[in-house]
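K.L.:
Next up is a structure, given as structure tokens.
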Amino acid sequence: VRVGRVEPSLGQRVANALRQVLSRVSCDEGDDQGTQGEAGLWWAQAHSFDAATAKLLRDGCYDRLPIVCPYPSERLEAWRSKDPLSTSVPWIACQEAFLASGLVVVDNFFTPEAVEELWSYAREAPCFRSLRPGYLGAFPADGCVHPLIRRAAESLELKLPSVMQHRPLARWWLFKYMPNGKTGVGPHADDAAVNINVWLTPDRARRAGGGLEIYRQVPKQ
């Protein structure tokens, strides 16, 4: 409703239906994946709902947001051939630093236009459908398929040939923290020849902390 993709009347009906669903179902806090203790984080098994509750869930556009209010196709199409990476970055120097140490930090990685588009996509796209402890995930299977991500990978192969050549993009995702989540992504290692992490949140929207802590060895628990 806020960005004008759903009529206010429909938005009101959807909100009312979902509130009724919440009033009718019994939700469990946490799960066996480590979500215990997350205030306001709960789950319920939709397949166990009675017919009336299931209808309310459908009226609430459950699992239908990509159809009801898809992300604008013209904004996706605009990035099928446009290079989203910054021209001000000394890419060859970055390549040399990565080859020497296995790690490089790049400021202004994307062009301002690309950052703004990805930030809008992260806020507006109806593809954050994977629940994690304290945050939501958007994976390709969820519909996270913005062409800008593919173009960034193709551009990196040209700008960092000694690092990226013959290493195609294999997996990608977006994570979005929830306001009432107490935890985020914990210490982990992603299995990849080259791993790229991008912090999108602008400084004006950051409450505290932010970014990524990188460990050279397994951290102490």
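K.L.:
Evaluate the Kirkwood expression for the hydrodynamic radius of the chain, namely the inverse of the mean inverse distance over all pairs of different C-alpha atoms, and round to one decimal in Å.
P.N.:
About 20.2 Å for the chain.
K.L.:
In addition: To the nearest 10 square angstrom, how much accessible area does Ser155 have with a 1.4 angstrom probe?
P.N.:
Estimated to the nearest 10 Å², Ser155 gives 0 Å².
K.L.:
Which number do you get for Rg(Cα) / (2.2 N^0.38 Å) in region 50-156?
P.N.:
Relative to the 2.2 N^0.38 Å estimate, region 50-156 comes out at 1.42.
K.L.:
Quote the FRET efficiency, to the nearest 0.05, computed for Ser23 versus Ala208 with a Förster distance R0 of 35 Å and r equal to the Cβ-Cβ distance.
P.N.:
Calculated transfer efficiency: 0.55.
K.L.:
Taking every pair of Cα atoms in region 136-221, average 1/r, invert it to obtain the Kirkwood radius, and report Rg/Rh to two decimals.
P.N.:
Using Cα coordinates only, the ratio equals 0.98.
K.L.:
Work out the FRET efficiency for Gln45 and Val1 from their Cβ-Cβ distance, taking R0 = 30 Å, and round it to the nearest 0.05.
P.N.:
Efficiency computed from Cβ-Cβ geometry: 0.55.
K.L.:
Something else: Which order do you get for Tyr62, Tyr71 if you rank them by accessible area with a 1.4 Å probe, largest at the top?
P.N.:
Reading off the accessible areas and sorting them downward yields Tyr62, Tyr71.
K.L.:
Per residue, how much accessible surface does the chain expose to a 1.4 Å probe? Answer in Å², no decimals.
P.N.:
For the chain, the per-residue accessible area is 67 Å².
K.L.:
Follow-up. Rank these by accessible area, largest first, 1.4 Å probe: Leu76, Leu158.
P.N.:
Leu158, Leu76
K.L.:
I'd like the FRET efficiency for Val68 and Arg150, computed as 1/(1 + (r/R0)^6) with the beta carbon distance as r and R0 of 25 Å, rounded to 0.05.
P.N.:
0.45
K.L.:
I'd like the accessible area for Thr87: 1.4 Å probe, protein heavy atoms, all chains in place, Å² to the nearest 10.
P.N.:
140 Å²
K.L.:
For Lys220, Lys55, write out the residues from largest to smallest accessible area, computed with a 1.4 angstrom probe and no ligands counted.
P.N.:
Solvent-accessible surface, decreasing: Lys220, Lys55.
The values are calculated or read from the model by the stated rules, or taken from the named source; none is laboratory data. Values in this document were obtained by computation on a predicted structure and should not be read as measured data. Don't worry about glycine lacking a Cβ; one is built from the backbone with ideal geometry, like all the others, and counts go over all protein chains shown. Side chains are part of the model used for accessible areas, which takes the heavy atoms of the whole protein and leaves out ligands, DNA and RNA. Shrake-Rupley method; radii C 1.70, N 1.55, O 1.52, S 1.80 Å.
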